[in-house]
1. If you go through the stretch 49-70, how many residues are among the charged types (D, E, K, R) and over 15 Å from the mean Cα position of the chain (by Cα)?
2. Can you go through Arg190, Arg175 and tell me which one is in a loop (DSSP other than H, G, I, E, B) and either among the acidic types (Asp, Glu) or under 26 Å from Phe107 (Cβ atoms) (or both)?
3. Considering only residues that are aliphatic (A, V, I, L, M) and either touching a residue at least 40 places away in the same chain (Cβ under 8 Å) or within 16 Å of Leu78 (Cα to Cα) (or both), look in the stretch 1-14 and name the one that is surrounded by the fewest Cβ atoms within 10 Å (Cβ to Cβ).
4. Of all residues in the stretch 112-125, how many are part of a helix (DSSP H, G or I) and surrounded by fewer than 16 Cβ atoms within 10 Å (Cβ to Cβ)?
5. Evaluate the stretch 50-60: report whether one residue or more is at pLDDT 90 or above and under 30 Å from Arg2 (Cα atoms).
6. Residue pairs, Cβ under 8 Å, 6 or more apart or interchain, first in the stretch 56-76 and surrounded by 13 or more Cβ atoms within 10 Å (Cβ to Cβ), second part of a loop (DSSP other than H, G, I, E, B). List them.
7. So which of Thr187, Thr172 is under 23 Å from Pro67 (Cβ atoms), hydroxyl-bearing (Ser, Thr, Tyr) and free of Cβ contacts under 8 Å to residues at least 60 places away in the same chain?
8. Any chance you could count how many residues in the stretch 130-160 are loosely packed, with under 15 Cβ neighbours inside 10 Å and either under 25 Å from Ala69 (Cβ atoms) or of a type outside the set (Val, Ile, Thr) (or both)?
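The values are calculated or read from the model by the stated rules, or taken from the named source; none is laboratory data. Just so it is clear, the model here is predicted, and its values are computed rather than measured. Cβ sites come from the backbone with ideal geometry, for glycine too, and all protein chains shown count toward neighbours.
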Amino acid sequence: MRWVPNALTLSRPVLLLPMMLLLALGGATGARWSLGLFLLASVTDFFDGWLARRLDCASNLGVFLDPLADKVFANVLLVFLAARHPDWVPLWVVLLLIAREFAVQGFRSMAPCVGVVIGTGQLNKLKLVFQLSACGTALGGLAWPAAAQVLKPLTWAALALALAAALWSMFTLFRDNADLWRRAPLTMERR
């Protein structure tokens with residue numbers, strides 16, 4: 001049973017392929033099935049951590065995989081939606097979100113070289129919630145075109161909030177850790 005949380009985590013990126021195939025091939029019916037898989041994947045995001053704590057089997061692998069699976073799931077789905085449905089998800093917003101991911105991840109990767117580990121803040125988690133909300137409302141609008149007048153503005157609002165949270169968290173991360181640029185790197189062990 002100790003493997004279940006990591007299996008749930010890995011199910012999110014695995015569910016991307018059938019979701020995208022259903023969206024590409026199935027019209028409104030495919031979008032409904034894709035939305036169902038999206039909701040299933042979203043539920044796994046809650047249960048993987050909950051189960052790891054409940055079963056007392058939290059691991060370094062799980063700590064590594066969970067945010068990676070979240071980033072892959074949200075960003076790949078947003079890129080797909082922007083490519084296939086730019087009226088729902090503007091590509092320029094997705095590109096800014098991805099550029100921010102690279103900048104922040106690069107900075108976080110540099111920090112251990114100077115003896116610092118930078119954790120994920122609440123704004124990053126909020127950004128993910130807004131990204132997933134945008135994906136969910138876009139999928140809902142594609143599944144039920146009659147609801148598009150309501151769901152499209154909600155999608156855009158969620159994307160705007162995701163972008164605001166992303167840029168603000170990047171700014172505060174760089175501001176609060178500006179001293180890292182001046183630190184000498186630690187002596188690293190070569191393997």
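1. Here is the first cut: in the stretch 49-70, the residues among the charged types (D, E, K, R) are 53-54, 56, 66, 70.
Okay, now just the ones that are also over 15 Å from the mean Cα position of the chain (by Cα), so 53-54, 56.
The qualifying residues number 3.
2. Working: Arg175 fails: in a loop (DSSP other than H, G, I, E, B).
Unique residue meeting the criteria: Arg190.
3. Start the filter on the stretch 1-14 by keeping residues that are aliphatic (A, V, I, L, M), which leaves 1, 4, 7-8, 10, 14.
Then drop every residue that is not either touching a residue at least 40 places away in the same chain (Cβ under 8 Å) or within 16 Å of Leu78 (Cα to Cα) (or both), which leaves 1, 4, 8, 10, 14.
Working: Met1: 7, Val4: 14, Leu8: 24, Leu10: 16, Val14: 12.
If we take residues in the stretch 1-14 being aliphatic (A, V, I, L, M) and either touching a residue at least 40 places away in the same chain (Cβ under 8 Å) or within 16 Å of Leu78 (Cα to Cα) (or both), then Met1 is surrounded by the fewest Cβ atoms within 10 Å (Cβ to Cβ).
4. Keep residues of the stretch 112-125 that are part of a helix (DSSP H, G or I), which gives 112-114, 122-125.
Now drop any that are not surrounded by fewer than 16 Cβ atoms within 10 Å (Cβ to Cβ), which leaves 112-114, 122, 125.
Selection size over the stretch 112-125: 5.
5. The first filter runs over the stretch 50-60 and keeps only residues at pLDDT 90 or above, leaving none.
No; the residues of the stretch 50-60 include none that is at pLDDT 90 or above and under 30 Å from Arg2 (Cα atoms).
6. Cys57/Met1; Cys57/Arg2; Pro67/Thr120
7. Values: Thr187 fails: under 23 Å from Pro67 (Cβ atoms).
Step by step, each of Thr187, Thr172 is checked, and only Thr172 is under 23 Å from Pro67 (Cβ atoms), hydroxyl-bearing (Ser, Thr, Tyr) and free of Cβ contacts under 8 Å to residues at least 60 places away in the same chain.
8. So the first thing to find is which residues in the stretch 130-160 are loosely packed, with under 15 Cβ neighbours inside 10 Å, and the list is 145-147, 149-150, 153, 157, 160.
In the following step, the residues that additionally are either under 25 Å from Ala69 (Cβ atoms) or of a type outside the set (Val, Ile, Thr) (or both) were identified as 145-147, 149, 153, 157, 160.
Of the residues in the stretch 130-160, 7 are loosely packed, with under 15 Cβ neighbours inside 10 Å and either under 25 Å from Ala69 (Cβ atoms) or of a type outside the set (Val, Ile, Thr) (or both).
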